[in-house]
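Only the coordinates and a few stated rules stand behind these numbers; no lab work does. None of these values were measured; they are calculated from a predicted model. All Cβ positions, glycine included, derive from the backbone under ideal geometry; neighbour counts span all protein chains shown.
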């Protein structure tokens, strides 16, 4: 058996895999688009395929790996390897034994975890969170996910801690994709932002967001489409990103007031694209609401697109 | 030396002391009104006096105690015993070496901690929080304070975690006594509720709150005054308590979404008086915003008025 481990980041858009050595160096990687039709079994097949390719890139067979970790959306049960209610994936409203299925295909032990939590652990062990004893990972993408490290260890609560996107920032406020009102994600999540852009467009506000989406043949308003629109001075796009930053600053400040952590790590698709550019605005919003004189350190995630897969591989030794 | 320990709960209205045995049984207790004039030294003198009396009640000298713990408001530094910025206490805007001062007067080691955190620890070890691995204490009184137990241990963050009252529930909302906007405490804290009642009264809304306050010779709208007004069907009082319950439910739900704890313990002056009566309304508000299918258990603090002093005594062995 080799000393290599595999990691799979199962996203709504793509499946990213990586094979890493004991020091956290990426020795092989491969990706696949996430199937948009079919069943959970089709998604599992695409995951296996990509992981086998990543292992080959590292000069190994998947069966030789010490194990494979999976960062999964939905309700991922670490103990049973069952993933339920992954609504961004095809046919995955129910439960599917993802761990068991992958173990058969890959010939090695498979560990299932929450996608955002493992990305946070990756930043803590190998990325921007190195050296801190406590941190909150804020992953700004389609939704807004959170991961917690407290006292040097992951904090999972009863199993599902870190739902920072569903902290309420405005009682009675905007409808969230989760169905509740006033969540941070209702203002800052890419999906909610797209719905609000659509409403404003339908109400006659001028915006090129949807023209750009068609022109670049995207199925949705991706972070790159938002970026282009803002660069063009699109008013609706600019207003909605600024509104998102306000929401992120407010919700993150609430989390800081409760936990008083040493650091905040900002990641996710939108976080990686816009976090750096809007960092001053974000800090200004946070300072409006943080109760303490000394702010925690606020840093951008440093492992980029591979952070999720690398973090997933850490599940093998957790 | 005896096996008894002392605890002092330093409140804005009263100083409550207790002397307890190793099993947590209260062997002596005494209280004093908190001085409303003078300096921190005067407050420390009243604290010593009350603790000496509690020790006598337990058949001991203060110098024989294993140590004395203090649950303090303001910024209480556990390492140095210095308390700063305790704005509800006379002349205490700066820093005062409370631990050192009390050690000289009492002849035993003194440990300083945060008042709400030690009350949470008391409930965890001896009260309503027994048997849970993780809980959030929500102390609803003049302000709204929080204490955290995670993985069976206090979570203090960088030293000041638990500021649940300053989690934002309404961005751009009501002004909080802390100076910020939209905090849970801006709607639920007794002080903020009194200010809002005053505004409504001045605006011509009919309420007997201030008449009751004068009649019963209270310096402020105490929880008993709120209770009387509500029993009389006072509309302003009822609306403001219901508004407080909404805020508490929303903010507590946000904390649950972040930490996914096993239990919530509701305490504090208003919590002990109104928590039980409004528990259904509180749970309804929480359920509107809790992201998980299974709610944590929500229980009332069971140690009552003595919880703070008993919790403070636990600092001796922490």
Region B:81-124-region B:239-282 distance, computed between alpha-carbon centres (Å): 27 Å
Ellipticity estimate at 222 nm from DSSP helix runs (n ≥ 4, -39,500 (n - 2.57)) divided over the protein assembly as shown, nearest 500: -11500 deg cm²/dmol
Simple label model, 7 Å out from Cα along Cβ direction - residue B:93 to residue B:318, nm: 2.9 nm
Mean separation of Cα contacts under 8 Å, 6 or more apart, over the residue count of chain B: relative contact order %: 21 percent
Chain B: most fluctuating residue of B:150, B:65, B:258 per GNM, C-alpha cutoff 10 Å: B:258
Principal-axis tilt of helix B:40-57 within chain B, Cα atoms, nearest 10 degrees: 70 degrees
Area projected by the alpha carbon convex hull of the protein assembly as shown, averaged over all directions, nm²: 30.7 nm²
Choice from A:260, A:23, A:234 showing the highest fluctuation, given a GNM over chain A with Cα pairs closer than 10 Å: A:23
Percent of C-alpha pairs per 5 Å bin, region A:131-302, short to long: 2, 9, 18, 21, 20, 14, 9, 5, 3, 1, 0
Inter-label distance for residue A:61 and residue B:210, nm, one decimal - labels placed 7 Å from Cα along Cα-to-Cβ: 8.5 nm
Per-copy distances of the residue B:80 label point, shortest first, in nm (7 angstrom along Cα→Cβ): 5.3
Average other protein chain Cβ within 10 Å of Cβ, residues B:152-162: 5
Virtual spin-label span in nm between residue B:80 and residue B:133, 7 Å along Cα→Cβ: 3.8 nm
For peptides B:292-303, A:73-84, sequence by mean Cβ density within 10 Å, most packed first: A:73-84, B:292-303
Among B:215, B:175, B:109, residue whose mean-square fluctuation peaks in a GNM of chain B (springs only between Cα atoms under 10 Å): B:215
Inter-copy label distances at residue A:224 (7 Å, Cα→Cβ; nm, one decimal): 7.0
Computed lengthening from residue A:300 to residue A:23, 0.36 nm per intervening residue step minus Cα-Cα distance: 97.6 nm
Angle in degrees between helix B:115-126 and the longest Cα principal axis of chain B, rounded to the nearest 10: 80 degrees
Contact order normalised by residue count of region B:130-302, Cα under 8 Å, 6+ apart, percent: 24 percent
Sorted peptide list for A:96-102, A:161-167, criterion being average Cβ within 10 angstrom, highest first: A:161-167, A:96-102
Relative contact order %, region A:207-318, counting alpha carbon pairs below 8 Å whose residues are six or more apart: 26 percent
Shielding by partners - mean other protein chain Cβ count within 10 Å, residues of B:178-184: 4
Rounded tilt (10° steps) of B:235-259 against the dominant C-alpha axis of chain B: 70 degrees
Teacher prompt: residue B:130 distances to equivalent labels in other copies, 7 Å Cα→Cβ, nm: 4.8
For chain B, average projected area of the Cα convex hull in nm²: 15.9 nm²
